[in-house]
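Undergrad: Take a look at the following structure, please.
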There are 2 protein chains.
Amino acid sequence: MAKIPYKIYLEEKEIPTSWYNVRSAMKNKPAPLLNPGTLKPMKAEELEGVFCKELVAQELDNDTPFFKIPDEILDFYKMYRPSPLMRAYRLEKQLGTPAKIYYKFEGNNTSGSHKLNSAIAQAYYAKKQGLKGVTTETGAGQWGTALAMACAYFDLDCKVYMVKVSYEQKPFRREVMRTYGASVTPSPSTETEVGRKILAEHPGTTGSLGCAISEAVEKAVTNEGYRYVLGSVLNQVLLHQSVIGLETKAALDKVGEKADIIIGCAGGGSNLGGLVSPFMGEKLRGERDYKIIAVEPASCPSLTRGKFAYDFCDTGMVCPLAKMYTLGSGFIPAPNHAGGLRYHGMSSILSQLYHDGYMEAVSYNQTDVFEAAELFARSEGILPAPESSHAIKGAIDEALKCKEAGEEKTIVFGLTGTGYFDMVAYEKFHNGEMSDYIPTDDEIGAYLAKLPKTG
Amino acid sequence: MAKIPYKIYLEEKEIPTSWYNVRSAMKNKPAPLLNPGTLKPMKAEELEGVFCKELVAQELDNDTPFFKIPDEILDFYKMYRPSPLMRAYRLEKQLGTPAKIYYKFEGNNTSGSHKLNSAIAQAYYAKKQGLKGVTTETGAGQWGTALAMACAYFDLDCKVYMVKVSYEQKPFRREVMRTYGASVTPSPSTETEVGRKILAEHPGTTGSLGCAISEAVEKAVTNEGYRYVLGSVLNQVLLHQSVIGLETKAALDKVGEKADIIIGCAGGGSNLGGLVSPFMGEKLRGERDYKIIAVEPASCPSLTRGKFAYDFCDTGMVCPLAKMYTLGSGFIPAPNHAGGLRYHGMSSILSQLYHDGYMEAVSYNQTDVFEAAELFARSEGILPAPESSHAIKGAIDEALKCKEAGEEKTIVFGLTGTGYFDMVAYEKFHNGEMSDYIPTDDEIGAYLAKLPKTG
């Protein structure tokens with residue numbers, strides 16, 4: 001048999017034409033979102049004030065297995081998809097493992113991550129609905145960049161509230177967003193009621209993601225022709241991100257491989273949920289078993305140390321409540337460099353699957369993750385994002401287990417993005433200045449004690 | 001006929017297995033390098049003290065048409081090659097041009113540019129020769145990054161002298177190099193004779209590329225087991241970079257297209273020379289005509305306003321002399337953000353071809369180049385490097401000429417890299433703070449008056 005190439009590229013015509021809704025295969029469906037005021041399940045009409053109509057339909061649909069991807073979105077996907085499935089020959093050699101390691105590389109686009117897959121979908125439905133624009137928040141800036149690119153494509157106004165400290169300390173991401181025509185406002189700002197209130201109470205504040213979310217939502221609901229969009233956690237986002245998993249499966253089929261272990265980093269769950277969707281579908285239907293592993297930072301261990309309960313999705317407690325593994329909406333992780341994994345909760349879909357035993361979870365210290373990142377960079381040539389490096393560390397550990405056991409398993413992990421805008425983190429790692437603080441049980445317990453009572 | 005896809009990918013087995021030496025088709029060969037002391041043509045033995053033996057052989061060979069690419073290099077190429085040839089459908093639509101625009105995208109690897117194609121070759125021959133390591137200089141850092149990656153692959157020591165002002169102001173590039181295990185020293189340093197001398201004379205100096213070259217060369221020739229490597233200008237570099245042009249041609253053939261116009265940015269000439277090599281070969285042999293255009297910054301116009309003469313390759317006047325279009329080795333361009341295009345000279349091969357009328361050249365102001373860059377980013381999704389954006393501007397102008405004339409020409413340009421580490425430049429552009437200074441005739445004349453007399 002011919003040697004499997006380093007990069008398995010599907011052809012453009014092999015890009016999936018439908019997204020896969022893993023909820024359709026779940027016996028226990030993810031719990032519905034609750035209205036923060038009434039604590040009753042949110043109805044479509046309520047959600048449509050905040051989100052686009054068609055996205056609300058996708059959000060609430062637990063049964064339809066496939067959603068056709070509109071041609072306009074497919075056209076955009078063709079600019080950077082199919083993304084390559086890479087065979088990590090050199091990493092395997094470096095580790096001396098009999099395991100076969102594959103990774104789906106989603107960083108080969110200017111946003112530098114998988115976020116674009118859902119950004120373009122959300123921008124499309126906003127345009128189709130005749131909206132003027134969308135609002136969102138961004139911390140490190142990956143999601144904001146992706147959304148700015150998507151809005152530039154559809155000539156939509158894009159209003160990004162960027163956490164003030166990031167706005168000031170990460171000017172590069174900000175300029176990428178501006179290059180794509182987005183307006184970027186440091187949050188808290190004087191543009192919104194909630195921003196002015198916070199500024200009056202805390203004049204010197206450098207902002208928080210919770211506050212930026214609140215400003216973006218307020219801007220969307222108080223301005224005609226605007227809606228709010230979100231880059232992770234939501235069911236609709238996992239639906240769009242299923243394109244990652246569908247392509248991965250098609251590429252493996254193409255070279256006659258079957259995955260044994262599937263690994264992804266997990267913050268809000270968009271990448272992991274997308275990657276595993278079709279495999280999880282097979283597992284749920286009992287067609288094939290896969291070991292599926294979520295990797296999270298030890299500093300923000302929602303799956304491994306959180307509680308499966310209803311909680312607010314935002315720190316401002318204005319957004320709907322979701323049933324999920326959570327550390328409490330007030331939980332603030334110790335400073336780490338995986339900005340995309342610092343979320344207190346987790347996608348309801350993944351939370352339910354984890355709760356039902358279909359998925360495992362591990363957590364790693366930051367320094368160990370960066371060691372894995374550097375080993376990977378030197379062997380595979382790609383400089384990984386800190387978030388993605390959690391999956392790398394997970395894959396390396398599984399490959400080393402295979403080495404010990406002498407097993408030739410097939411490991412597939414998601415390499416969600418590149419680390420070009422994270423070099424401050426690498427610098428700290430090189431200089432031995434990286435923090436590995438892990439929250440104590442008491443700290444986590446204190447936040448969990450404040451979870452909302454939903455009966 | 002099926003629509004040509006957005007991305008034309010060759011298969012891994014279609015990566016060229018030989019580099020093409022365009023000198024073999026030239027009637028007027030590029031003039032030989034001269035010894036800076038004797039002003040006589042450099043012999044192989046003289047060059048081998050500075051460069052690896054096999055690279056010297058490649059440097060001096062004006063006749064052999066093809067050099068087999070060693071398997072070890074091909075293996076490395078497979079990690080990021082073939083690079084995609086993209087069809088710029090969206091840009092065409094934006095411009096309303098009947099022209100067909102293609103671009104060869106070389107930024108899809110962690111070094112972010114085409115530099116890796118030659119870095120891996122030079123590292124390979126150093127390893128093969130049993131050397132301990134290589135030395136080089138870097139300004140903006142693209143070449144240093146590429147070399148660090150290549151050296152990590154072959155476990156070679158990599159010693160980079162980085163212009164001090166860049167070392168301090170561009171810490172991100174520095175950290176990428178360190179991630180790949182390179183040692184990065186701000187230049188001037190106390191590690192070399194020349195560095196100490198310059199520091200004594202100019203205690204507060206922020207360094208220059210000329211000084212960094214001198215330090216790198218000194219380190220290589222005074223340390224056993226080291227050689228010096230260079231990322232552009234040299235014949236050997238253009239040879240390695242021919243892989244760009246060979247792939248481009250193969251991809252066009254695959255979809256049944258013929259190029260009419262080929263455009264590349266030109267600093268030292270590595271990208272342009274590599275891109276045009278096989279097309280130029282056909283043109284030189286009279287098989288087919290192509291319009292070939294070099295694009296340079298108006299602030300550093302070596303082809304459009306320089307002189308075809310022997311000159312030093314470095315500002316320190318310690319390196320060999322090359323016959324080339326030059327602005328004088330003392331010429332310092334006004335500050336601009338295309339660090340890779342700030343070289344006072346030009347590859348001897350390209351200089352000879354331009355002199356003989358096989359190539360055209362144009363120059364553009366920086367602000368116009370960034371306008372083109374932003375238009376491109378918003379339509380094609382890729383954030384281009386400032387250097388590459390010169391070629392974009394050239395391609396847009398040609399496409400607009402086609403629009404005016406109603407001609408459906410096929411334009412191919414080289415998109416050498418991404419701009420992730422150039423966001424300071426984009427910020428200046430967004431804030432209207434960009435300088436467009438162009439040297440006066442008197443300024444250029446003063447430097448040209450000091451060209452060495454070589455009889």
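Undergrad: Going by average Cβ neighbours within 10 Å, how do the peptides B:216-228, B:411-423 rank, with the highest at the top?
TA: Details: B:216-228: 18.5, B:411-423: 27.2.
Packing proxy ranking, top to bottom: B:411-423, B:216-228.
Undergrad: Enter the accessible area of B:Trp19 (Å², nearest 10), with the probe set to 1.4 Å and all protein chains included.
TA: Spelled out: B:Trp19, probe radius 1.4 Å, area about 0 Å².
Undergrad: Could you tell me what fraction of 2.2 N^0.38 Å the Cα radius of gyration of the stretch A:112-197 comes to, as a two-decimal ratio? The partial results should precede the final answer.
TA: Details: Rg = 12.5 Å, N = 86, 2.2 N^0.38 = 12.0 Å.
Taking the Cα Rg and dividing by 2.2 N^0.38 Å, one obtains 1.04.
Undergrad: Another one. Please give the length that would be gained between A:Asp442 and A:His430 if that part of the chain were fully extended, namely 0.36 nm times their separation in residues minus their C-alpha to C-alpha distance (nm, one decimal).
TA: Details: separation 12, 0.36 × 12 = 4.32 nm, distance 3.20 nm.
Additional length available on full extension: 1.1 nm.
Undergrad: Give me the one-decimal nm value for the distance between modelled label points at B:His202 and A:Ser18, 7 Å along each residue's Cα-to-Cβ direction.
TA: Calculated label separation equals 6.7 nm.
Undergrad: Taking beta carbons within 10 Å but only from partner chains, what does the mean come to for residues A:333-346? Let's see the in-between values first.
TA: Values: counts 0, 0, 0, 0, 0, 0, 0, 0, 0, 0, 0, 0, 0, 0.
Average per residue, whole number: 0.
Undergrad: If one computes the Cα centroid of the stretch B:292-315 and of the stretch A:226-266, what distance in Å separates the two points?
TA: About 49 Å separates the Cα centre of the stretch B:292-315 from the one of the stretch A:226-266.
Undergrad: Give the value in nm², to one decimal: projected area of the alpha carbon convex hull of the protein assembly as shown, averaged over all directions. Mind dumping the intermediate values first?
TA: Details: hull surface 150.6 nm².
Its Cα hull, projected and averaged over all orientations, spans 37.6 nm².
Undergrad: Using the Cα centre of the stretch A:301-455 as origin and beta-carbon charges of +1 (Lys, Arg) and -1 (Asp, Glu), tell me which of A:Pro320, A:Gly340, A:Ala425 is placed farthest towards the positive end of the dipole.
TA: Checked the options; the winner is A:Pro320.
Undergrad: Using a Förster radius of 35 Å, what is the FRET efficiency between B:Asp289 and B:Asp368 based on their Cβ-Cβ separation? Nearest 0.05, please. Kindly include the intermediate steps, with their values, before the conclusion.
TA: Values: r = 28 Å, r/R0 = 0.81.
Working from the Cβ atoms, E equals 0.80.
Undergrad: Roughly how crowded by other chains is peptide A:87-95, in terms of the mean Cβ count from those chains within 10 Å of each of its Cβ atoms? Write out the running numbers ahead of the final one.
TA: Details: counts 1, 1, 3, 4, 0, 0, 0, 0, 0.
Averaged over the peptide's residues, the number is 1.
Undergrad: Near the amide H of B:Ala361, under 5 Å away, which other amide H atoms are found, from residues 5 or more places off or on another chain, if H is placed in the peptide plane?
TA: B:Ala294
Undergrad: Right, next: Restricting to Cα pairs below 8 Å that are 6+ residues apart, what does the relative contact order work out to for the stretch B:155-266? Please round to a whole percent.
TA: Working: 97 pairs, mean separation 22.6, N = 112.
Result for the stretch B:155-266 is 20 percent.
Undergrad: Follow-up question, since we're still on this one. How much solvent-accessible surface does B:Leu10 expose, in Å² to the nearest 10, with a 1.4 Å probe and all protein chains in place?
TA: Around 10 Å² of this residue is reachable by solvent.
Undergrad: Continuing with the same structure: Averaged across A:6-15, how many Cβ atoms of other chains sit within 10 Å of each residue's Cβ atom?
TA: On the way: counts 8, 8, 1, 7, 1, 3, 6, 3, 0, 0.
Across A:6-15, the average partner-chain Cβ count within 10 Å equals 4.
Undergrad: Please calculate the 1.4 Å probe accessible area of A:Ile213, with all protein chains present, and give it to the nearest 10 Å².
TA: A:Ile213 exposes around 20 Å² with every protein chain in place.
Undergrad: Roughly what would the spin-label model give for B:Glu48 and B:His355, points 7 Å off Cα along C-beta, in nm?
TA: Taking the simple label geometry, B:Glu48 and B:His355 are separated by 2.9 nm.
Undergrad: What part of the accessible area of the protein assembly as shown, given as a whole %, is carbon or sulfur when the probe is 1.4 angstrom? Mind showing how you got there, number by number?
TA: Details: 16170 of 31630 Å².
The value for the protein assembly as shown is 51 percent carbon and sulfur by accessible area.
Undergrad: Could you do me a favour and compute the accessible area per residue for the stretch A:352-437, 1.4 Å probe, result in Å²?
TA: Working: 2970 Å² over 86 residues.
The answer is 35 Å² per residue.
Undergrad: So for B:Met317, B:Met162, what's the accessible-area order with a 1.4 Å probe, most first?
TA: The ranking, largest first, comes out as B:Met317, B:Met162.
Undergrad: Answer with one residue from B:Phe66, B:Phe51, B:Thr138: the one whose Cα lies farthest towards the positive end of the charge dipole of the stretch B:1-158, charges on Cβ with Lys, Arg +1 and Asp, Glu -1.
TA: Of the options given, the answer is B:Phe66.
Undergrad: Rounded to the nearest 100 Å², what is the sum over both chains of accessible area buried where A meets B, with a probe of 1.4 Å?
TA: On the way: alone 17840 and 17860 Å², together 31630 Å².
Buried area (both sides, nearest 100 Å²): 4100 Å².
Undergrad: Which peptide among A:88-94, B:185-191 comes first, and what is the full order, when sorted by highest mean count of other Cβ atoms within 10 Å?
TA: Working: A:88-94: 19.1, B:185-191: 20.7.
Ranked by mean Cβ neighbours within 10 Å, highest first: B:185-191, A:88-94.
Undergrad: Next question, about the same structure. Based on Cβ point charges of +1 for Lys and Arg and -1 for Asp and Glu, what charge dipole magnitude is obtained for the protein assembly as shown about its Cα centre, in debye rounded to the nearest 20? All intermediate terms of the calculation are to be shown ahead of the outcome.
TA: Numbers: 100 positive and 110 negative charges, 197 e Å.
Using only the charged Cβ atoms, the result is roughly 940 debye.
Undergrad: Give me the percent relative contact order of the stretch A:1-132, please, defined on Cα pairs under 8 angstrom at least 6 residues apart. Please list the in-between numbers first.
TA: On the way: 128 pairs, mean separation 40.6, N = 132.
That works out to 31 percent.
Undergrad: Rounded, prolate or oblate: which fits chain A, taking a ≥ b ≥ c as square roots of the Cα gyration tensor eigenvalues, rounded meaning a/c under 1.5, else prolate when a/b beats b/c?
TA: Working: a/c = 1.41, a/b = 1.30, b/c = 1.09.
Rounded shape, in that the Cα axes give a/c under 1.5.
Undergrad: Shifting gears a bit: Charges at C-beta only: +1 for Lys and Arg, -1 for Asp and Glu. How large is the resulting dipole of chain A about its Cα centre, in Debye rounded to 20?
TA: Details: 50 positive and 55 negative charges, 103 e Å.
Using Cβ point charges on Lys, Arg, Asp and Glu, chain A gives about 500 debye.
Undergrad: Could you work out the helix-only [θ] at 222 nm for chain B, with each DSSP H run of four or more residues adding -39,500 (n - 2.57) and the total divided by the number of residues, to the nearest 500 deg cm²/dmol? Spell out each step's value before the answer.
TA: On the way: 18 runs with 187 residues, N = 455.
Roughly -12000 deg cm²/dmol at 222 nm, from the helical runs in chain B.
Undergrad: From the phi of every residue in the stretch B:298-309, what ³J(HN,Hα) in whole Hz does the Karplus formula 6.51 cos²θ - 1.76 cosθ + 1.60 yield, where θ is phi - 60° and glycine or proline is x?
TA: Along the stretch B:298-309, the couplings run 4, 7, 9, x, 5, 6, 7, 9, x, 10, 8, 7 Hz.
Undergrad: Here is a follow-up. Considering the Cα positions of the stretch A:274-376, please state its Rg to one decimal place and its Dmax as a whole number of Å.
TA: 14.8, 43
Undergrad: What shape does the stretch B:326-455 take by its C-alpha gyration tensor, where a ≥ b ≥ c are the square roots of the eigenvalues and a/c under 1.5 counts as rounded, a/b above b/c as prolate, and the rest as oblate?
TA: Working: a/c = 2.12, a/b = 1.32, b/c = 1.60.
Note, shape of the stretch B:326-455 comes out oblate.
Undergrad: Once the piece of chain linking A:Lys450 and A:Thr410 is laid out straight, how much longer is it, given 0.36 nm per residue of separation minus the C-alpha distance between them?
TA: Values: separation 40, 0.36 × 40 = 14.40 nm, distance 4.25 nm.
Stretched fully, the A:Lys450-A:Thr410 segment lengthens by 10.2 nm.
Undergrad: In whole angstrom, how far apart do the alpha carbon centroids of the stretch B:166-203 and the stretch B:379-447 sit?
TA: Cα centres, the stretch B:166-203 to the stretch B:379-447: 30 Å.
Undergrad: Averaging sequence separations of C-alpha pairs under 8 Å and six or more residues apart, then dividing by the length of the stretch A:371-455, give the relative contact order as a whole percent.
TA: Working: 55 pairs, mean separation 22.2, N = 85.
Taking the mean separation of contacting Cα pairs over the length of the stretch A:371-455, I get 26 percent.
Undergrad: Oh, and also: Do any residues of the stretch B:417-443 lose at least 30 Å² of accessible area when the full set of protein chains is present rather than just their chain alone, and if so which, with a 1.4 Å probe?
TA: Residues of the stretch B:417-443 that lose at least 30 Å² of accessible area once the other chains are added: B:Tyr420, B:Phe421, B:Met423, B:Glu427, B:His430.
Undergrad: Once you charge only the Cβ atoms, +1 for Lys and Arg and -1 for Asp and Glu, what is the size of the charge dipole of the stretch A:1-117 about its Cα centre, to the nearest 20 debye?
TA: The dipole magnitude comes to about 820 debye.
The values are calculated or read from the model by the stated rules, or taken from the named source; none is laboratory data. These figures come from a predicted structure and were not determined experimentally. Positions of Cβ are generated from backbone atoms using ideal geometry, with glycine treated the same way; all protein chains shown enter the neighbour counts. Ligands, DNA and RNA are stripped out before the accessible areas are found, and what is left, the full protein with its side chains, is counted by its heavy atoms. Shrake-Rupley method; radii C 1.70, N 1.55, O 1.52, S 1.80 Å.
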